[in-house]
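Report on one structure; see the data block that follows.
Every read-out reported here was derived from the displayed coordinates using simple, explicitly stated rules and does not represent laboratory data. If you're wondering where the values come from, they're calculated on a predicted model, not measured in any experiment. Don't worry about glycine lacking a Cβ; one is built from the backbone with ideal geometry, like all the others, and counts go over all protein chains shown.
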Amino acid sequence: MSHLDDLDEFEADLELQLKREYTAVFGLFRYCILTADATYLCNKLDLQVSQQASYPFFHIRMDDVWVWDKNRPTRMIPRAEVYTSSDVTVEELRGEGDEPKLTAEALAERMGERLSRDDDSG
């Protein structure tokens, strides 16, 4: 097997892990934001639109964010801001006040991990 085959296999594995994680965490978030450069899941969203002469300009502020990026060591971040003149799609996944139906235990199970019940044993 060549080094290029190894790299392709590695990239495919990263992509599969990312898709599984996305499926697992999707239910935790209120919004899904799609831009030309990335996909974000978040629970708090502030979208400002500024009309320019020839195109709209978007400023997106998000809190409690999951970022679709297979090259990040962690995809969960507390805040993100995006500035773009490209298309922005915002999907509301659940209404305000609706709690996510996913528990920490269910999330861990979806992601193939077990949560330790032995929090007191140091």
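Close amide H pairs (under 5 Å, H built 1.01 Å from N) link Phe57 with Ser50, Gln51, Gln52, residues at least 5 positions away or on another chain. At an R0 of 25 angstrom, the distance between the Cβ atoms of Lys70 and Asp98 translates into a FRET efficiency of 0.25. Site pair Leu34 and Ser85 shows an inter-label distance of 2.3 nm when each label is modelled 7 Å from Cα along Cα→Cβ. Spin-label pair Asp63-Ile77: with each label point 7 Å from Cα along the Cα-Cβ axis, the two points sit 1.7 nm from one another. Note on segment 28-95: dipole from Cβ charges, positive end direction compared against Phe58, Ala80, Leu47; the farthest Cα belongs to Ala80.
The string of couplings for segment 9-25 from the Karplus curve (6.51, -1.76, 1.60, θ = phi - 60°) is 5, 4, 4, 5, 5, 4, 5, 5, 4, 4, 5, 5, 5, 4, 4, 5, 8 Hz, one whole number per residue in order, with x for Gly and Pro.
Per-residue Cβ neighbour counts within 10 Å put Asp64, Asp8 in the sequence Asp8, Asp64, beginning with the fewest. Given R0 = 41 Å, the distance between the Cβ atoms of Arg20 and Gln52 translates into a calculated FRET efficiency of 0.55. Quantify how much of the Cα-Cα distance distribution of segment 28-95 extends past 13 Å, in percent. Value for segment 28-95 (Cα pairs over 13 Å): 63 percent.
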